[in-house]
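The values are calculated or read from the model by the stated rules, or taken from the named source; none is laboratory data. What you see is a predicted model, and the numbers here were worked out from it, not measured in a lab. No Cβ is skipped: glycine too gets one built from the backbone with ideal geometry, and neighbour counts run over all protein chains shown.
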Amino acid sequence: MPILTNIFYIISVSLMIPVMLALLFGFVYSLYLAGIAVHEFIDRMKSKADRKKFSDALENKVQDIPVLSNSGDLNKTLNLIIIHKNDTLLVDKKIAELESGWRRELQKISDLIKYGPAIGLMGTLIPLGPALVGLAEGDLATLSNNMIIAFSTTVVGVLISLIALSINSAKKGWYRDDSILLNFTAERLSANNNG
């Protein structure tokens, strides 16, 4: 039994550096995703009025639908729907590709929401072993150093999750609205062609 206990202790302690590196990577990656989300938000605000005109033109069945600037995948796909409105297979394919890309993007963010706290918990539990050893030996320096690591990794893991959760919530709302506009555009133009 002591041999097995020592093996598990060695495995656990040897994971500390990879866990801390994973947390550091996760934190940097979540900040990177936050920067992309802020950039996307700014682009959306810039093209909000144009998209409103576009949507109003569709709702009012105006013949000359305004062409959107070719910035962003949504605008490119909306313009493509207008150009290829008679080719319903191509339109459906392009909408499906864009929505599939959104799902992949949201899945990466969802993974970060889950993995951040899980790795943070590992970073919390691993140093507790050496901390308890330090406590048993009366080594308060070892105890305090390991407790600092334990609490710090917990905070970083939860922070990663909170950043990713905020991004995920914003993007889900954006993509839901975008999907409504895409499908309405395709259906409206298809109905106009058939009518």
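Whenever a residue of the stretch 144-169 is at pLDDT 95 or above, its partners that are surrounded by fewer than 16 Cβ atoms within 10 Å (Cβ to Cβ) and among the polar types (S, T, N, Q), lying with C-beta atoms within less than 7 angstrom and at least six residues away or across chains, give the pairs N168/S110. Selection of the stretch 138-164 for residues being touching a Leu at 6+ places or on another chain (Cβ under 9 Å) and either surrounded by fewer than 15 Cβ atoms within 10 Å (Cβ to Cβ) or not hydroxyl-bearing (S, T, Y) (or both) yields L143, N146, M147, A150, V156, G157, I160, I163, A164. Looking at the stretch 173-191, is at least one residue closer than 19 Å to E105 by Cβ, among the hydroxyl-bearing types (S, T, Y) and out of contact with any Pro (no Cβ under 7 Å at 6 or more places or on another chain)? The answer is yes, given that some residue of the stretch 173-191 is closer than 19 Å to E105 by Cβ, among the hydroxyl-bearing types (S, T, Y) and out of contact with any Pro (no Cβ under 7 Å at 6 or more places or on another chain).
Residues in the stretch 98-137 that are exposed (fewer than 13 other Cβ atoms within 10 Å of the Cβ), outside any helix (DSSP H, G or I) and of a type outside the set (D, E, K, R): 0 in all. For the criterion of being of a type outside the set (K, R) and modelled with pLDDT of 85 or more, L78 passes.
G72 satisfies every condition listed in (1) touching a Leu at 6+ places or on another chain (Cβ under 8 Å); (2) modelled with pLDDT under 85; (3) not aliphatic (A, V, I, L, M) except (1). Every condition in (1) among the small types (G, A, S); (2) within 30 Å of Y115 (Cα to Cα); (3) surrounded by 14 or more Cβ atoms within 10 Å (Cβ to Cβ) holds for A57 except the one numbered (2). Would the stretch 24-37 turn up any residue that is more than 30 Å from N183 (Cα to Cα) and touching a Phe, Trp or Tyr at 6+ places or on another chain (Cβ under 8 Å)? Checked the stretch 24-37: at least one residue is more than 30 Å from N183 (Cα to Cα) and touching a Phe, Trp or Tyr at 6+ places or on another chain (Cβ under 8 Å). Here A57 clears all of (1) in contact (Cβ under 8 Å) with a residue 24 or more places away in the chain; (2) farther than 25 Å from L162 by Cα except the condition numbered (1). All told, V91 meets the bar of being out of contact with any Cys (no Cβ under 7 Å at 6 or more places or on another chain), β-branched (V, I, T) and either in contact (Cβ under 8 Å) with a residue 60 or more places away in the chain or assigned to a helix (DSSP H, G or I) (or both). Pairs are defined by a Cβ separation below 6 Å, a sequence spacing of at least 6 or placement on different chains, a first member in the stretch 172-187 that is under 14 Å from R44 (Cβ atoms), and a second member that is in a helix (DSSP H, G or I) and hydrophobic (A, V, I, L, M, F, W, C); the pairs so defined are Y175/W102; D178/L74.
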